[in-house]
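Visitor: Before I ask anything, here is the structure I am working with.
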Amino acid sequence: TTCATKKINIQNHIKPFFKGATTEHITREVINEWVVSITTKKGKPRSSATVNVVRNLLSQIFDYGIKHYNLKYNPVKESDAPTQFKTDVRASHWEIEEYEKFYNSLESESLRTLFNILYWGGLRIGEALALTPGDIQPNTITINKTLVYNNVDKPYSSTPKTKNSYRQV
């Protein structure tokens, strides 16, 4: 998943801007200009976290060049680091009235069940979609896999990324 995400970020955000550029022409100012260019997608603002992930990927590429190809410096490290954008929205929880309004708008029992598992169990969407009947016992749901969407392959079931993601709710 990590490799696929990095490939997508390189293809969509790094290659188009730097196509044909040589490393000696990529300066701090060029990096700053590039960061500004990736802060929106189709006129909609990206989160600062997304921009920082792509910026860090470019920095890793320059660091690799320094280590293995005698590149002299990393202009990303000299550029201005983006701060949190005013458009970033932090996740918040729903009050019970908001929960009930949404729940009552769901038309099928399967959607209501899925929503209840997500809301009351605190599962991520990939974890809920990867559940099998064996994972569900009275009063306990075992989380030991997640459904992965990486925009390259079809969705597939995988193990959780961290030990803490293995849990029972």
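The values are calculated or read from the model by the stated rules, or taken from the named source; none is laboratory data. Because the structure is predicted, anything quoted here is derived from the model rather than measured. Neighbour counts run over all protein chains shown; Cβ positions are idealised from the backbone, glycine included. All accessible areas refer to the heavy atoms of the entire protein, side chains included, with ligands and DNA or RNA removed. Shrake-Rupley method; radii C 1.70, N 1.55, O 1.52, S 1.80 Å.
Visitor: Go through 156, 149 for me and flag whichever is under 29 Å from residue 98 (Cα atoms) and either among the aromatic types (Phe, Trp, Tyr) or in contact (Cβ under 8 Å) with a residue 60 or more places away in the chain (or both).
Guide: Matching residue, one of 156, 149: 149.
Visitor: Follow-up question, since we're still on this one. Could you list, in sequence order, all residues of segment 53-74 that are under 25 Å from the mean Cα position of the chain (by Cα) and open to solvent by less than 40 Å² (accessible area, probe 1.4 Å)?
Guide: 54, 55, 57, 58, 59, 62, 74
Visitor: Restricting to segment 38-49, what's the tally of residues that are of a type in the set (Gly, Ala, Ser), within 18 Å of residue 8 (Cβ to Cβ) and open to solvent by 60 Å² or more (accessible area, probe 1.4 Å)?
Guide: 1
Visitor: If you take the residues in segment 17-36 that are open to solvent by less than 60 Å² (accessible area, probe 1.4 Å) and hydroxyl-bearing (Ser, Thr, Tyr), which one is nearest to residue 70 (Cα to Cα)?
Guide: Ranking the qualifying residues of segment 17-36, first place goes to 22.
Visitor: Can you tell me which condition residue 122 does not meet? The list is (1) without any contact (Cβ under 8 Å) to a residue 40 or more places away in the chain; (2) on the phi > 0 side of the Ramachandran plot, and all the others hold.
Guide: (1)
Visitor: List every residue pair whose Cβ atoms sit under 6 Å apart, with the two residues 6 or more apart in sequence or on different chains, where the first one lies in segment 30-54 and is at positive phi and the second, anywhere, is outside any helix (DSSP H, G or I).
Guide: Close Cβ pairs satisfying both conditions: none exist.
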